[in-house]
Amino acid sequence: MEKIDLSGIWEVKLDSTNIGASDNWAARKFKGSKIELPGTLDDAGLGKPNTLVPAINNYVMSNLTRKHQYIGKAWYQKEIEIPNSWDAQKIILSLERIIWESSIYVDGELLGSANSLVGAHEYDLSKNLTPGKHLLTIVIDNSNKFPNINVTSTKYPDKVNQNMAHAYTNHTQIKWNGILGDITLKALNKNYPKNLQVYPNSELNKLKVTFQQTIAEDEMVNCIIKSVDGEDVFNEKVSVTKQVDGTVGFEISKLENLKLWDEFNSNLYTVEVITNSGNVETTFGYKFVSSKDGDLLLNGKRIFLRGNLECVIFPLTGYPPTEKADWAKLIKQAKDYGLNHLRFHSWCPPKAAFEAADEAGFYYQVELPHWSLKVGEDANTTAFLKEEALKIIKDYGNHPSFVLMALGNELQGDINVLNTMVAELKPKDNRHLYATTAFSFQKPTGTRPEKEDEFFIAQWTDKGWIRGQGIFNDKPPHFNADYTSGSAHIDIPLISHEIGQYSVYPDMSEISKYTGVLEPLNFIAVKQDLEKKGLIDLAPDFTHASGKLAALLYKEEIERALKTPSFDGFQLLQLQDFPGQGTALVGLLNAFWESKGIISAEEFSQFNSELVPLIRFEKAIYETGESFKASIEIANFFQEKQNQIIDWAITDETGEVVKKGSFKDVNLLIGNNINLGSINYKIDAKSAEKLTVTVNLKGTKYKNSWNIWVYPKEVHENDENILITSSFQDALKGLSIGKSVFLNPDYKNLQGIEGRFVPVFWSPVHFPNQPATMGLLLDDKHLAFSSFPTSTHTDWQWWDLCINSKSIITDSLNVTPIVRVIDNFVTNHNLATVFEAKVGKGKLIFSSIDLMSNLIDRPVARQLRFSLLEYMNSNEFNPSKNLDFESLKKVFLNKKKSDFSTEDIYQ
């Protein structure tokens, strides 16, 4: 096979008024703008220039802003020359990736059109491309061809930004116009073999090999299978037979030298079939995915998917890379953080992504370009999606990394259409497991598997929630829970849907990284607002502290999933930021897959790995006289291990071991290994302490740790010189005569923002109707915390304090926060729950955390109060700022109508 590479400089003309066809632009050379292909109009700076400026509104905060934008037809033209040697050959034009429709003209004659968002557009140009020069014109139309594939959200005023499905959206990738990847002409024999597919059987003792060619029954062909390093593992002539799908093929049973493919052994092979009129080859991995008794199996062995969403987030270009090296870099970062799986939300990646995953041993779930609430309403849309599904399994089916396929994201409508589509796909290609939808808010579909589902993705079932989020706000911290009650009855592989979504404050240092086609006007708007409000110097601390809280919650989310025997995986939303849908910065990494300095890959992979030590324990807070009790278990999806030793230790903040132990002769099976040993430690705290419990598998890298806090049962407050009151009037009297006052009014009667432990869910723009704060920012060295161990950020011991509080807007108050609350990045208020100031002749500490009631049963509140009072009794209590007491009483929550639409896409 010979090729002509058509990459390089082309002419392009934009055709927003659709006159190109009627004016016959393709009939002659036109003078347009120069553009380099592969590439896009955005790359070339062509289209309508952006006119938005940074501002906190739905337009700007929706997503990153395109510097140039164009929707419509663009005509690309190039003169080509066909060599004499191609005479009488079949000539195929291949355009690797396009949004959405392509049309081909040769010497002014329209030869055909194609629609696909998932793979190459291919054209047989044999009749027209005779030897010599020709004028090739390609028309790309990136307008919305099948609107029903896409859910829309009118909360974003700009209509071009209302589409949500990631194959066609401006929220992650952009609605680019151009051609990506390979742009080639190929010359082949007229009756050339093509579409080579390799199917390992479920017992892994046979290969079925099929291809398309007009060929006689029982004709002999040569089959050569080699390892990627060139070693022959099979080289024989075989007899072909007709297959039921109209292809021809054969079976091979001599497979002794084939090694299995999985995440630990990425063995790959090439297979070449040589016929009397040509040859065809492909790469494959020897694997088979299946299920048994509800467990997800690969090659007969249970696997667990530690997954993350990939939503076409490539902020320099606005489109997915088509080079393997780019995907290899992304996958390496994902693996470093312990992941083994990517879910491609409502899109299918290009071949380079599969190639990189094949080589790395990484599992993919791919999806149709489909996120719709109107499934089945339009017959043409359904027909388009069926063709896209067939194209996916044809173009990418050989890749061993292609393990799962869903028909789209959170689909609603006629579910029978989805069941029919899955039923049609399963017999065509059994190398993958199929699902009708990646979750659905439509009931009962979203609560239990559909009849054709081979795996089930859900955030809840008909028996309850199977992911965290609200749980961590509604119930005190406890670490003995899993999701068995909501999942044990599901009898096919079960994966939890889009877990996490904990928002992290924008990283202002990221702005300079946007050197491509997208401008971070959303980030710049936040930066300008912080500068205006005098908060810009705190921005790095806001990012770090909110990120630490998010990491804490991601850890517990993941560990609960790993503790659930009936789980087969989870899919994070997500490890990296999501720059669209209202600037949903939920990542511990930024949108470039780079660290924000919140948590290292080594730390994250301690609780997100193929083998994770876990403990179950009742709570995070203990008092003198209680015992910390924990049961050790290990989630093992690596390999069986015999006669292992588990070491555990409890250390204080200086690193000194206060108790340790070991368990010997531990045998680890694949799956959940429970009740491997118990830890029992009697608490005898003379002062408040943070302790760390660590469990590790001796002689390996596998370890994990958890913090607990211990407090004395009683504290002896010295309040002789302090007025402790909940009354504004009494406080005013005390301050007027020079007393030190601890004012702790009933927070329920204060104007403020409802206290929460968890941060903003997803985005304060996309979901504005939520108490939208982002954790605490603390000076851990402040003397107010001398007897109250804390980090600079929210940790589990703050749960009771956060829940029993309101955040006070202190924008107009001249005070020093002791417990600062991080506001969301839309409103950017100065918030605090504890602050200090001089008032008149006196000195004040104000708390909107309840530090008055039921202190016998609230050891953390009791201890914080004690620590604050100790500080007030010290010579160091000398607030630097002066406050007019009357202004404190005037603080109220700004109740003006929000500038943001509160419509949900599912309403």
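The values are calculated or read from the model by the stated rules, or taken from the named source; none is laboratory data. Model, not experiment: these values are computed from the prediction. Because the Cβ atoms are built from the backbone with ideal geometry, glycine has one as well, and the counts that use them run over all protein chains shown. Just the protein is used for accessible areas: all its heavy atoms, side chains included, with ligands, DNA and RNA removed. Shrake-Rupley method; radii C 1.70, N 1.55, O 1.52, S 1.80 Å.
The lone criterion from (1) in contact with a Gly (Cβ under 8 Å, 6 or more places away or on another chain); (2) open to solvent by less than 50 Å² (accessible area, probe 1.4 Å) left unmet by residue 241 is number (2). Scanning the range 434-455 for residues that are open to solvent by 10 Å² or more (accessible area, probe 1.4 Å) and among the hydrophobic types (A, V, I, L, M, F, W, C) yields one hit, 441. The requirement of being in contact (Cβ under 8 Å) with a residue 12 or more places away in the chain, in contact with an Asp or Glu (Cβ under 6 Å, 6 or more places away or on another chain) and buried (at least 16 other Cβ atoms within 10 Å of the Cβ) is fulfilled somewhere in the range 104-119, by at least one residue. Does residue 624 count as under 25 Å from residue 680 (Cα atoms), touching a Ser or Thr at 6+ places or on another chain (Cβ under 8 Å) and at pLDDT 95 or above? Considered against the rule, which asks whether it is under 25 Å from residue 680 (Cα atoms), touching a Ser or Thr at 6+ places or on another chain (Cβ under 8 Å) and at pLDDT 95 or above, residue 624 comes out as no.
Among the residues of the range 129-145, those identified as on the phi < 0 side of the Ramachandran plot and either in contact with a Lys or Arg (Cβ under 9 Å, 6 or more places away or on another chain) or open to solvent by less than 40 Å² (accessible area, probe 1.4 Å) (or both) are 129, 134, 135, 136, 137, 138, 139, 140, 141, 142, 143, 144.
So is residue 542 in contact with a helix residue (DSSP H, G or I) (Cβ under 7 Å, 6 or more places away or on another chain), of a type outside the set (Gly, Ala, Ser) and not in a loop (DSSP other than H, G, I, E, B) or not?
No; evaluated as a whole, the condition is false for this residue.
Among the residues of the range 551-569, are any surrounded by fewer than 22 Cβ atoms within 10 Å (Cβ to Cβ), touching a helix residue (DSSP H, G or I) at 6+ places or on another chain (Cβ under 9 Å), aromatic (Phe, Trp, Tyr) and not in a helix (DSSP H, G or I)? Looking for residues that are surrounded by fewer than 22 Cβ atoms within 10 Å (Cβ to Cβ), touching a helix residue (DSSP H, G or I) at 6+ places or on another chain (Cβ under 9 Å), aromatic (Phe, Trp, Tyr) and not in a helix (DSSP H, G or I), one finds none in the range 551-569, hence no.
The rows are residues; the columns are (1) in contact (Cβ under 8 Å) with a residue 60 or more places away in the chain; (2) surrounded by 24 or more Cβ atoms within 10 Å (Cβ to Cβ).
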{"position": "818", "(1), (2)": "no, no"}
{"position": "836", "(1), (2)": "no, yes"}
{"position": "842", "(1), (2)": "yes, no"}
{"position": "848", "(1), (2)": "yes, yes"}
{"position": "852", "(1), (2)": "yes, no"}
{"position": "855", "(1), (2)": "no, no"}
{"position": "858", "(1), (2)": "no, no"}
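Selection within the range 32-73: residues that are over 30 Å from the mean Cα position of the chain (by Cα) and of a type in the set (Val, Ile, Thr). The member of this set that is nearest to residue 768 (Cα to Cα) is 51.
Residue 602 meets each of the listed conditions (1) open to solvent by 10 Å² or more (accessible area, probe 1.4 Å); (2) of a type in the set (Asp, Glu); (3) part of a strand (DSSP E or B) apart from (3). Right, residue 13: at pLDDT 95 or above, over 25 Å from residue 522 (Cβ atoms) and open to solvent by 30 Å² or more (accessible area, probe 1.4 Å) or not? Yes. Criterion first (surrounded by fewer than 19 Cβ atoms within 10 Å (Cβ to Cβ) and in contact (Cβ under 8 Å) with a residue 24 or more places away in the chain) does residue 763 satisfy it? No. Among the residues of the range 734-780, those that are at positive phi and at pLDDT 95 or above comprise 738, 775. Of the strands (runs of 3 or more DSSP E) lying entirely inside the range 133-230, the ones with 3 or more residues being within 25 Å of residue 350 (Cβ to Cβ) and touching a residue at least 40 places away in the same chain (Cβ under 8 Å) are found at 178-188, 194-200. At least 2 residues being over 30 Å from residue 38 (Cβ atoms) is the threshold, and among the helices (runs of 4 or more DSSP H) wholly inside the range 332-448 those reaching it are 379-396, 415-425.
The rows are residues; the columns are (1) without any contact (Cβ under 8 Å) to a residue 24 or more places away in the chain; (2) open to solvent by 10 Å² or more (accessible area, probe 1.4 Å).
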| position | (1), (2) |
| --- | --- |
| 468 | no, no |
| 471 | yes, yes |
| 478 | no, yes |
| 484 | no, yes |
| 488 | no, yes |
| 497 | no, no |
| 500 | no, no |
| 503 | no, no |
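For the range 482-500, filtering for residues that are in a loop (DSSP other than H, G, I, E, B) and within 24 Å of the chain's Cα centre (by Cα) leaves 4. Checked against the criteria, residue 629 does not count as closer than 30 Å to residue 316 by Cα, of a type in the set (Lys, Arg) and either out of contact with any Leu (no Cβ under 6 Å at 6 or more places or on another chain) or modelled with pLDDT of 95 or more (or both). Checking the stated criteria, residue 776 turns out to be surrounded by 21 or more Cβ atoms within 10 Å (Cβ to Cβ) and in contact with a Lys or Arg (Cβ under 7 Å, 6 or more places away or on another chain). Exactly one residue among 56, 99 is in a loop (DSSP other than H, G, I, E, B) and open to solvent by 10 Å² or more (accessible area, probe 1.4 Å), and that residue is 56. Here residue 360 meets the list (1) touching a residue at least 12 places away in the same chain (Cβ under 8 Å); (2) surrounded by fewer than 20 Cβ atoms within 10 Å (Cβ to Cβ); (3) under 27 Å from residue 121 (Cβ atoms) almost entirely, failing just condition (3).
Please give the number of the condition residue 106 fails out of (1) closer than 30 Å to residue 23 by Cα; (2) at pLDDT below 95. For residue 106, the exception is condition (2).
Filtering 329, 335 for residues that are over 23 Å from residue 409 (Cα atoms) and within 15 Å of the chain's Cα centre (by Cα) leaves a single hit, 335. For residues that are in a helix (DSSP H, G or I) and charged (D, E, K, R), scanning just the range 9-47, find the one that is farthest from residue 67 (Cα to Cα). If we take residues in the range 9-47 being in a helix (DSSP H, G or I) and charged (D, E, K, R), then 43 is farthest from residue 67 (Cα to Cα).
Residues that are outside any strand (DSSP E or B), among the polar types (S, T, N, Q) and touching a residue at least 40 places away in the same chain (Cβ under 8 Å) within the range 240-296 comprise 247, 253, 265, 267, 276, 277, listed in sequence order. Do the conditions hold for residue 686, that is, is it over 30 Å from residue 785 (Cβ atoms) and among the basic types (Lys, Arg)? Here the answer is no, as residue 686 does not meet what is asked. Does the range 499-513 include one or more residues that are at pLDDT below 95, among the charged types (D, E, K, R) and at negative phi? No, the range 499-513 has no match at all.
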